[in-house]
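Everything on this sheet refers to the single structure shown next.
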Amino acid sequence: MPYKYIGRKHDFIGKTLWEIVGNLKNFGMGRIVARSRFERYPEPSFLKIIKVETLPNPEKPSYDDVRKVRVWVEKVFRGVKQPKPMVIESTSYKTDYKLIPKDQEDAYCRFKEVKQEHVKIVPKTVDFPPIMQELLKRDMISRGEKVTEVPKLELVYNKSSKQKYKIAEKDEKPDVNITLGLGTPISPSLYEGVKL
Amino acid sequence: MFRLTNNLKNLTLSIEELSANYTNLQTVRWQRKPRWLPVAKSKVFRIPKKPETPQEDNLELQRLFNNYRTQIKSLRRHFFYKHHIQFLASEDPEQQRIIFEKDLDRCNKINDKWNAEQKVLREKRAQENLEVELEFARKRIEVENIKREEHKQKTEEYVKKVKEESKEFITAENIDKAIEIALNNPVDYNYALTPSGEKIFGRENNEFEVKEKISVKQ
């Protein structure tokens, strides 16, 4: 009987981790699996299996619980290897894993050739909205200060260590242009015939 | 709400306009299905297609939203630092009172000045309005007077006319004379008329006419 699928499609392509690991010798230790979701990035992302533990049957088994497994992996994400091995358990049920055949492993895992991505330099300040700028100038004048420079708004960025950008210093010229209004479009074809 | 239906008229592509009578229209349900009703049976196995946005659209939208969010976040922080009570410099209350009073004084002066200006304007406007109203009233009086005069004249004319007519009325003094005349001149209206206006009397009521006729014959 042909299958009849019901419900919405997801974006996953592949099998659950247990479906792969359960069929391999030694539970696939030393083998390489990859998430198809991460294949959208140009840099390689993959997982090298170090250790596998099966899980006991849950007390109240649900469809997803039954499919889970605990796997220790070495993770490489977007060409960057994580310093410590990590455990995959809660996401192991996702039908998004694929096994890389042994003869293709070398070709797939060329993460050492990945160039370090250029760190973007983002501007530190931006112009205030026009009316606000005028108001700020008036404020300064009313306080008896001299308006030598146009007041600028300091931009707020997410300052976590994972960000691949840095805020421009005094002499540095920012790569990214943040302006009021539309700015310079990435895809100019969308603005054909429009005055920017 | 109504919707035009696809009927034969549309298929034949007639040039005449679609008539607005109700045979062409179809009622459309106004409200949508309430949220709490289950999915319709016919729609249970329907899988809506995932929307596909082109890559360049995605990139452009991402850029625009990133810019927007960064700037709004920055503005929000700016306002927070500027106006939050935590960052406001605390001042001496006496000093604050003096500043407040000075400011109030200044505001009052400005207000008084404006009031004085407005007073002049207001009085001028009131004067003008009064003039206009007085002029209007004067015109009204004139018009009323003319009307009254006309009415009076009309009434007088009417009275004159009635007086003229009343000369021939029968009063207590001349009633005997009127009766006499009436008795002496009996009139018989019991006749038929021909289209040319000729009077045709009957056989029985032609007494007076017969006399006349006889007299004519004589």
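The values are calculated or read from the model by the stated rules, or taken from the named source; none is laboratory data. Since we're looking at a predicted model, the values are computed, not measured. Every residue, glycine among them, receives a Cβ derived from its backbone with ideal geometry; neighbour counts consider all protein chains shown. Each accessible area value is taken on the protein alone, full model and side chains, heavy atoms only, with ligands, DNA and RNA left out. Shrake-Rupley method; radii C 1.70, N 1.55, O 1.52, S 1.80 Å.
Just one of the numbered conditions (1) in contact (Cβ under 8 Å) with a residue 12 or more places away in the chain; (2) open to solvent by 90 Å² or more (accessible area, probe 1.4 Å); (3) of a type in the set (S, T, N, Q) is not true of A:SER142: (1).
Scan the stretch A:8-31 for residues that are outside any loop (DSSP other than H, G, I, E, B) and either within 18 Å of A:ASP106 (Cβ to Cβ) or not acidic (Asp, Glu) (or both) and jot them down.
Keep residues of the stretch A:8-31 that are outside any loop (DSSP other than H, G, I, E, B), which gives A:15, A:17-21, A:25-28.
Passing the criteria: A:LYS15, A:LEU17, A:TRP18, A:ILE20, A:VAL21, A:LYS25, A:ASN26, A:PHE27, A:GLY28.
Kindly establish whether A:PHE38 is within 14 Å of chain B (Cβ to nearest Cβ), open to solvent by less than 80 Å² (accessible area, probe 1.4 Å) and outside any strand (DSSP E or B). Against the criterion (within 14 Å of chain B (Cβ to nearest Cβ), open to solvent by less than 80 Å² (accessible area, probe 1.4 Å) and outside any strand (DSSP E or B)), A:PHE38 does not qualify.
Scan the stretch A:11-26 for residues that are at the interface with chain B (Cβ under 10 Å from one of its Cβ atoms) and without any contact (Cβ under 8 Å) to a residue 24 or more places away in the chain and report the count. Working first, answer last.
Quick first cut of the stretch A:11-26, residues at the interface with chain B (Cβ under 10 Å from one of its Cβ atoms) only: A:11.
Subsequent filtering for residues that are without any contact (Cβ under 8 Å) to a residue 24 or more places away in the chain retains none.
Summing the residues that are at the interface with chain B (Cβ under 10 Å from one of its Cβ atoms) and without any contact (Cβ under 8 Å) to a residue 24 or more places away in the chain in the stretch A:11-26 gives 0.
Just for the stretch A:95-114: of the residues that are open to solvent by less than 50 Å² (accessible area, probe 1.4 Å) and at pLDDT 90 or above, which one is farthest from A:ASN23 (Cα to Cα)? Can you show your working first?
First, pick out the residues of the stretch A:95-114 that are open to solvent by less than 50 Å² (accessible area, probe 1.4 Å): A:95-97, A:100, A:105, A:109, A:111, A:114.
Checking the rest, the ones that are also at pLDDT 90 or above come to A:95-97, A:100, A:105.
Values: A:THR95: 15, A:ASP96: 16, A:TYR97: 14, A:ILE100: 14, A:GLU105: 18 Å.
The selected residue is A:GLU105.
Among the conditions (1) exposed (fewer than 10 other Cβ atoms within 10 Å of the Cβ); (2) of a type outside the set (A, V, I, L, M, F, W, C); (3) at pLDDT 95 or above, B:ASP112 misses just one, which is (1). If you check B:LEU59, B:LEU64, B:LEU37 for being more than 8 Å from chain A (Cβ to nearest Cβ) and aliphatic (A, V, I, L, M), only one passes: B:LEU37. Taking the conditions exactly as written (open to solvent by less than 90 Å² (accessible area, probe 1.4 Å), out of contact with any Pro (no Cβ under 8 Å at 6 or more places or on another chain), within 14 Å of chain B (Cβ to nearest Cβ) and not in a strand (DSSP E or B)), does A:GLY181 satisfy them or not? Yes. Taking the conditions (1) within 20 Å of A:ILE131 (Cβ to Cβ); (2) open to solvent by less than 100 Å² (accessible area, probe 1.4 Å); (3) basic (Lys, Arg) in turn, B:ARG63 satisfies each one other than (1).
Results for (1) touching a helix residue (DSSP H, G or I) at 6+ places or on another chain (Cβ under 7 Å); (2) outside any helix (DSSP H, G or I); (3) modelled with pLDDT of 95 or more, shown as yes or no for each residue.
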| position | (1), (2), (3) |
| --- | --- |
| A:VAL33 | yes, yes, yes |
| A:ILE49 | yes, yes, yes |
| A:VAL71 | yes, yes, yes |
| A:VAL76 | yes, yes, no |
| A:VAL87 | no, yes, yes |
| A:TYR93 | yes, yes, no |
| A:GLN116 | no, yes, no |
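In the set (1) within 14 Å of chain A (Cβ to nearest Cβ); (2) under 30 Å from A:PRO129 (Cα atoms), the condition left unmet by B:GLN86 is number (1).
Taking the residues in the stretch A:165-178 that are part of a loop (DSSP other than H, G, I, E, B) and either open to solvent by less than 90 Å² (accessible area, probe 1.4 Å) or in contact with a helix residue (DSSP H, G or I) (Cβ under 8 Å, 6 or more places away or on another chain) (or both) as candidates, determine which candidate is nearest to B:TYR68 (Cα to Cα).
Restricting attention to the stretch A:165-178, the residues satisfying the condition of being part of a loop (DSSP other than H, G, I, E, B) are A:168-178.
Remaining after also requiring either open to solvent by less than 90 Å² (accessible area, probe 1.4 Å) or in contact with a helix residue (DSSP H, G or I) (Cβ under 8 Å, 6 or more places away or on another chain) (or both): A:168, A:172, A:174-178.
Values: A:ALA168: 19, A:GLU172: 23, A:PRO174: 18, A:ASP175: 18, A:VAL176: 14, A:ASN177: 12, A:ILE178: 9 Å.
In this case the residue turns out to be A:ILE178.
Are any of the residues in the stretch B:162-171 open to solvent by 90 Å² or more (accessible area, probe 1.4 Å) and in a loop (DSSP other than H, G, I, E, B)? So far as the stretch B:162-171 goes, yes, one or more of its residues are open to solvent by 90 Å² or more (accessible area, probe 1.4 Å) and in a loop (DSSP other than H, G, I, E, B). The residues of the stretch B:44-94 that are small (Gly, Ala, Ser) and in a helix (DSSP H, G or I) amount to a single one, B:SER74. Of all residues in the stretch A:150-163, which are surrounded by 10 or more Cβ atoms within 10 Å (Cβ to Cβ) and either of a type outside the set (Val, Ile, Thr) or facing another protein chain (nearest Cβ under 9 Å) (or both)? A:PRO151, A:LYS152, A:LEU153, A:GLU154, A:LEU155, A:VAL156, A:TYR157, A:GLN163, listed by residue number.
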